[in-house]
Every structure is written in C-alpha cells, then in structure tokens.
1. Counting only residues that are in a helix (DSSP H, G or I) and out of contact with any helix residue (DSSP H, G or I) (no Cβ under 6 Å at 6 or more places or on another chain), which one in the stretch 37-58 is surrounded by the fewest Cβ atoms within 10 Å (Cβ to Cβ)?
2. Test Gly188 against the criterion of being surrounded by fewer than 17 Cβ atoms within 10 Å (Cβ to Cβ), at pLDDT 90 or above, not acidic (Asp, Glu) and not in a loop (DSSP other than H, G, I, E, B), and give yes or no.
3. Looking at the stretch 114-159, which of the residues that are of a type in the set (Gly, Ala, Ser) and surrounded by fewer than 24 Cβ atoms within 10 Å (Cβ to Cβ) is modelled with the highest pLDDT?
4. Taking Phe151, is it part of a helix (DSSP H, G or I) and within 23 Å of Ala200 (Cβ to Cβ)?
5. Answer yes or no: is there a residue in the stretch 59-76 that is in the same structural domain as Leu36 (by TED's automatic domain parsing), over 21 Å from the mean Cα position of the chain (by Cα) and polar (S, T, N, Q).
6. Exactly one condition in (1) farther than 14 Å from Tyr269 by Cβ; (2) touching a Gly at 6+ places or on another chain (Cβ under 8 Å); (3) not assigned by TED's automatic domain parsing to the domain that holds Val267 is not met by Lys180; state its number.
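The values are calculated or read from the model by the stated rules, or taken from the named source; none is laboratory data. A quick note: this is a predicted structure, and the numbers were derived from the prediction, not measured. With ideal geometry, Cβ positions are generated from the backbone for all residues, glycine too; neighbour counts draw on all protein chains shown.
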Amino acid sequence: MLRQRVLSALFLIPILFVSIWFGDPWFSVVVAVAALLGVVEFYGMFTQKRWQPLTFFGMLWTLFFVFNAHYVHSYGSETTQLLVTSALVGSAVILSLLCSLLLRSSGDKVLFSWAWSLAGVLYMGWLLGYWILLMNSGEWVGRDWVLLALFSTFAFDTTAYFVGRAFGKHRMVPTISPGKTWEGAIAGLAAAIAAVIILALILHTPLDIGYGKLVFIGFAIGVFAQIGDLAESKLKRSSGLRESGNLIPGHGGILDRLDSIVFTGVVVYYCLGWFIG
C-alpha cells in the first residue's frame, strides 16, 4: 500500500510541477483533466445509490467553469468577469433542474439528480477553477503562490497521515472518518505553516507580504485542507463507499487526492486578494 502511494506520487508530482512551472495553458489543461476525472468519479459515487446525476451535463459545465477561469482575465473589466461567472452559475442551476425534470421519472430522482448534478459542477468545476485564477492573477507571481499553496497542502496531508498512523490515539470524527486523529491533524497544521514559511524563503516573492500573513495563510491551508478531507469522507460514507474510486494505485480515487486542495486554492486566492489587493 505504502509502496504504491510513493510510486503514484513519484509519477504524478513531476507532471504537476512541470505544468505549474511552465504555466498556462499547460496548468489549465491539468486542472481541466483533474476536474473532469473528479466530476465523473463524483457522479459515479451517487449513481450507485440510483440518484442518477446528469453526468454529461456535469462534465460540460465543469469544463465551462474551468475555461472561464482560464479566460477571465482577458474579459477587460471586473463587471464582465462577474457577469460571465454569474451567468455560468445561473445557467448551471436552471438547466440542470430542467434536464432533471425532463430526463428523470420520479420526484425523488428529479430532486437528487438536480442536487448532485449541480453539486458536482460547483465542487469540481468552480472550486478547482480558483487554482487557475491564483496562477493567472496580475496582482502577484502566480507560479510561486500555486507552488506554495499546493505543496503546503501536500505537506499537511503527508504529515497528518504518517503522524496519525504512528501516534494517533484520539479520533476526530469516527463516524465520518475513523482514521483521522487529532494528533495527525495538529501535526499536519504545524507542517502546513512550516511548509509555507520554507517555500516562501525558497521562492522569495511570497515574503513580500510578511511573516505574520504567511503564518495566517499556512494556518488557513491546514484548516481548510482538513475540512476538505472530512467533507469528501462524509460524501463517501453517505454513498456507502470506502474509497471514491481506484484510479490512483495506493491512494484510491482522484477525489481522495483532490479533496484537500479543493478548498485551499479558494482560501489562498482570497487571502492574497485581501492582503495584496
């Protein structure tokens, strides 16, 4: 199991690093592929419950959100950006409901189809799109901040996993995720803060906001990485699954890898918007 986890990481991390280093369009392509695989896996979890989410619709609108994040800075004004994004959200809500009403027979299936179809689009398309916004912003050096945010999240995950396995005694939420412990979570939080500081020293440009704000960002990454992990665990439990899939050997499904970064990209983006303007 551990050997498979390490081999998968050794294969995937270089691809991710190269896409970040060379920037767009390569980074946007990687995000789009991850979002598509994630939303298909997300819908697969709930198809087993016969809730029948609209897979094709979800894949299409997920791509729309990723494309919007890629092109948003070329729209010319913040008003246009807001209008296009609002139109995407509104169309996702309305069209997914109409499709569910037309394509699903019973009342329960209509409700669940609509709810989970929309949830998948927002969860994978909209939230992962923030990583592209973080990369392409003209207010800061996007490549450095994506590297810092992503690998600090990985530091949280890895530390929480190994410390929890070795020293964990006090379970956080056993009904949602029996393997998560307070010892692992606290160690992961400390690792996220430390990783932010170390990466800032290596990359230099993040130091511009000061150490106090870097510590705040590290703390936020640790907290929201844990929330993302627990949220995905709750989704798995609600669908009766132990893993979201088996796409990545040693890790499970792609959602099991994306869960902690879904929220951290959003958090770092808005922290920088607050700190830098």
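1. Narrowing the stretch 37-58 to residues in a helix (DSSP H, G or I): 37-47, 55-58.
Filter once more, keeping what is out of contact with any helix residue (DSSP H, G or I) (no Cβ under 6 Å at 6 or more places or on another chain): 37, 40, 44-45, 47, 56.
Details: Leu37: 19, Val40: 18, Gly44: 17, Met45: 24, Thr47: 14, Phe56: 10.
For the stretch 37-58, the residue satisfying everything is Phe56.
2. Working: surrounded by fewer than 17 Cβ atoms within 10 Å (Cβ to Cβ): no; at pLDDT 90 or above: yes; not acidic (Asp, Glu): yes; not in a loop (DSSP other than H, G, I, E, B): yes.
Spelling it out, it is not the case that Gly188 is surrounded by fewer than 17 Cβ atoms within 10 Å (Cβ to Cβ), at pLDDT 90 or above, not acidic (Asp, Glu) and not in a loop (DSSP other than H, G, I, E, B).
3. First, the residues of the stretch 114-159 that are of a type in the set (Gly, Ala, Ser): 115, 117, 119-120, 125, 129, 137-138, 142, 149, 152, 155.
If we keep only those that are surrounded by fewer than 24 Cβ atoms within 10 Å (Cβ to Cβ) as well, we get 115, 119, 137-138, 142.
Values: Ala115: 86, Ala119: 92, Ser137: 86, Gly138: 77, Gly142: 87.
Step by step, filter the stretch 114-159, then rank; the result is Ala119.
4. Working: part of a helix (DSSP H, G or I): yes; within 23 Å of Ala200 (Cβ to Cβ): yes.
For Phe151, the condition - part of a helix (DSSP H, G or I) and within 23 Å of Ala200 (Cβ to Cβ) - is met.
5. Within the stretch 59-76 (the criterion being in the same structural domain as Leu36 (by TED's automatic domain parsing), over 21 Å from the mean Cα position of the chain (by Cα) and polar (S, T, N, Q)), the answer is yes, since at least one residue qualifies.
6. (3)
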